[in-house]
Amino acid sequence: MTRIDWQDLNFTVVMELHSHHASFTLYDVIGWQDDKTPIWSEDPDCPQSTTDLSKAVVYLRGSVKWDGCSNWFFEAQRDDAMLHACDRHELLRFSQAMARCWDLTAENLETWDR
């Protein structure tokens, strides 16, 4: 398992490599401590925050296969009818995160064959 904090996108990603795919869990970073430690939301219905990743709310889950196909599930939509973005930057933020996950798979999966 590999964890990466993308400060420019305000996401933390956890990647797990399998034989023919990589799985990803992304957490929305709501702030950063002075030492560059991410702060995540602990409860989507309450403004409580945490620096403990095991208590953080999952924003997005997905996987990328050996052939480049990917599947994504936005946890935020589980309780809400839609995924909200305030501006174009927000749309690009989660699309760039998914693209980076695709790139990580291409770079790290031994069975990659695209």
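Restricting the stretch 28-69 to residues that are in a strand (DSSP E or B) and small (G, A, S) leaves a set whose member that is nearest to L104 (Cα to Cα) is S63. When D103, D79 are screened for being modelled with pLDDT of 90 or more and not β-branched (V, I, T), only D103 passes. Identify, please: which residue in the stretch 14-42 is polar (S, T, N, Q) and surrounded by 18 or more Cβ atoms within 10 Å (Cβ to Cβ) and is, among those, farthest from the chain's Cα centre (by Cα)? Here the residue is S41.
The residue of the stretch 5-27 that is farthest from A97 (Cα to Cα), among those that are free of Cβ contacts under 8 Å to residues at least 40 places away in the same chain, part of a strand (DSSP E or B) and of a type outside the set (F, W, Y), is E16.
Output yes when any residue across the stretch 80-88 is in a strand (DSSP E or B) and farther than 20 Å from R3 by Cβ, and no when none is. Within the stretch 80-88, none of the residues are in a strand (DSSP E or B) and farther than 20 Å from R3 by Cβ.
The values are calculated or read from the model by the stated rules, or taken from the named source; none is laboratory data. What you see is a predicted model; the values in this text were computed from it and never measured. Neighbour counts are summed over all protein chains in view; Cβ atoms, including those assigned to glycine, are modelled from backbone coordinates with ideal geometry.
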